[in-house]
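Data first, discussion second: the structure below is written as structure tokens.
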Amino acid sequence: MDQFDTALVLTRVLTSGVVMSIEKNDKELPALSRWLTRQSGRAHAVLVNSRTAAIHAALCGQGIGHGDAAALPELDPAAERFVSWLGVRRTDGTDPAFALLSLTPENAAEFAGAARRQTAPALAVDLTGLGFGPAAAMLTDDERIWARAERLKIFGAFDLRTMWTQEEAEPGLAPGVQFNYRLSPLVAACVRMALAQAGSRTPAVTGGNPR
């Protein structure tokens, strides 16, 4: 995106008056979710504000947490330390709990093909390399994985349904500790525009690049 495109996107979001992800009438986050699910072929998307949050969502969505062991994809040292901090141990296995893709302006056009080749139940997508600050997503076909991962966020989809009623929407989805993983609509709008404008002359998407 050039500066003119970025200015147009920012103006659109700012003039809408919706700049926080807890607003019910936000359109930018749902639009990015739709783009990611359509391109990846996955049914559900959880938008978060960092690569490690996407990894956390992928694990938590499958009930993998402190004291558990799981097969993992190749990760860089920073991501390995984060998984270790979560208390999850790496085990040998050919079927990792999640796959990790890292997008940049140079490889974003290859996202659809790369995502559809992944067979793991959860796909963590690092969007930080697109240049608009920390951003990521967790994609899955499993509604239960999506629900658990979404519940990990403070004021995620479940909290927004009940924040004014103080009634629990799904008592069986107790979140435990929640995290401030919400993505800004401003960032979501810029990321979506960058993805839509990605060029076609790109190398294959790679996994695990630190950002």
For D68, the residues 5 or more places away or on another chain with a placed amide H closer than 5 Å to its own amide H are R89
Considering only DSSP beta bridges where both residues belong to the stretch 83-155, give the percentage that are antiparallel (nearest 5). 50
The extension gain from D92 to I154, computed as 0.36 nm times the residue separation minus the Cα-Cα distance, is 19.0 nm
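If packing is taken as the average count of other Cβ atoms within 10 Å, what order do 41-51, 110-120 fall into, highest mean first?
41-51, 110-120
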Starting at the first residue of the stretch 121-134, write each ³J(HN,Hα) from the Karplus equation 6.51 cos²θ - 1.76 cosθ + 1.60 with θ = phi - 60°, in whole Hz, x for Gly and Pro. x, 9, 10, 8, 10, 8, 9, 4, x, 6, x, 10, x, x
Looking only at the stretch 85-125, which residues have a backbone nitrogen under 18 Å from a spot 7 Å from the Cα of A69 in the C-beta direction? 85-98
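Readers should treat all values here as calculations from the given coordinates under stated rules, not as data from a laboratory. Everything numeric in this text was worked out from a predicted model, so none of it was measured. With ideal geometry, Cβ positions are generated from the backbone for all residues, glycine too; neighbour counts draw on all protein chains shown.
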